[in-house]
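Peer 1: Sharing a structure, written as structure tokens. Questions coming.
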Amino acid sequence: MKMMRVVALLALTGTVAGWTANAQSLGDGITVSKENRTIAVTATDSVTVTADVATVYVGFVVYGVDHDSAYADGSKTSNAIMDALKTAGVPSDAIESQNQSLAEVQPFQQNQLTDADKAKRKWSLTQSWAVHANASDAARVLDVAVKAGANQSGRIAWNLKDENASQTQAAEKALQRARAVAESMAKGLNVKLGALLFASNQAPALPVRLGVGLAGSAGENMSYTELPPLAISPTRITKTATVYAVFAIE
């Protein structure tokens, strides 16, 4: 995926369409106006790379006939999931608690249940974690947690270890594009493009990249232990940069 946008402004002598006759100060003693011959270009470009880190969201819900039984089952499941993750090699500092709640089940939450199920689901305990891992380990982390009882799991947030590197590459590409456009304009005017006088970079805000979550079930347990992990591939992440560059005309 590649984005590009170019806007060019030319300040020579006299009035130029789309450009004010008043001087525009860019700081550092640089001013764009009709008195100093310059070409100003705004260009946008991007780079796309594969995510190399992931945050896997795992959790569970258990029910009980009363407060004590729900808490007992929840404690057992909670510790089973944590032990499984640590046994799989996930460091303790890579696991962050998200939320945990022990509450009485409200009547509206039982509308679709049979009388027998309603009797079993008087109280519920829910808990969830965010597990940070390399993107290549995301499927394995999810698999380990689910097989240990994490029946409310599956959402994955993808990211980059070094976001600045790809952002810098995007800015460099945008600046190269700006120079190419400026050189083309200078050639058309039969002048020579001079040095770069000023450049600024604006990185747009990007949304958090989330994978599709799995809606777990608190019903009967399935035999997961013999199943392979889900086939999960890291997402591709696009970093975009916009530069405003001012070049001298010789």
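Taken together, the values in this text are just the output of simple stated rules run on the coordinates, not laboratory data. What you are looking at is a predicted structure, and each value in this text was computed from that prediction instead of being measured. As a convention, Cβ positions derive from the backbone with ideal geometry for all residues, glycine included, and neighbour counts pool all protein chains shown.
Peer 1: Using the structure shown, decide if V141 is surrounded by fewer than 20 Cβ atoms within 10 Å (Cβ to Cβ) and either in contact (Cβ under 8 Å) with a residue 60 or more places away in the chain or under 31 Å from the mean Cα position of the chain (by Cα) (or both).
Peer 2: no
Peer 1: Let me ask something else about it. Any chance you could count how many residues in segment 55-87 are over 21 Å from A116 (Cβ atoms) and either part of a strand (DSSP E or B) or touching a Cys at 6+ places or on another chain (Cβ under 6 Å) (or both)?
Peer 2: 6
Peer 1: Does N151 satisfy the criteria of being among the polar types (S, T, N, Q) and in a helix (DSSP H, G or I)? Break it down into steps so the answer makes sense when it comes.
Peer 2: On the way: among the polar types (S, T, N, Q): yes; in a helix (DSSP H, G or I): no.
Criteria not met by N151.
Peer 1: Test A145 against the stated conditions and say whether it is assigned to a strand (DSSP E or B), more than 30 Å from V246 (Cβ to Cβ) and in contact with a Ser or Thr (Cβ under 8 Å, 6 or more places away or on another chain).
Peer 2: no
Peer 1: Looking at N134, N99, N159, N164, which is the one that is under 23 Å from the mean Cα position of the chain (by Cα), more than 23 Å from P234 (Cα to Cα) and not aromatic (F, W, Y)?
Peer 2: It is N99.
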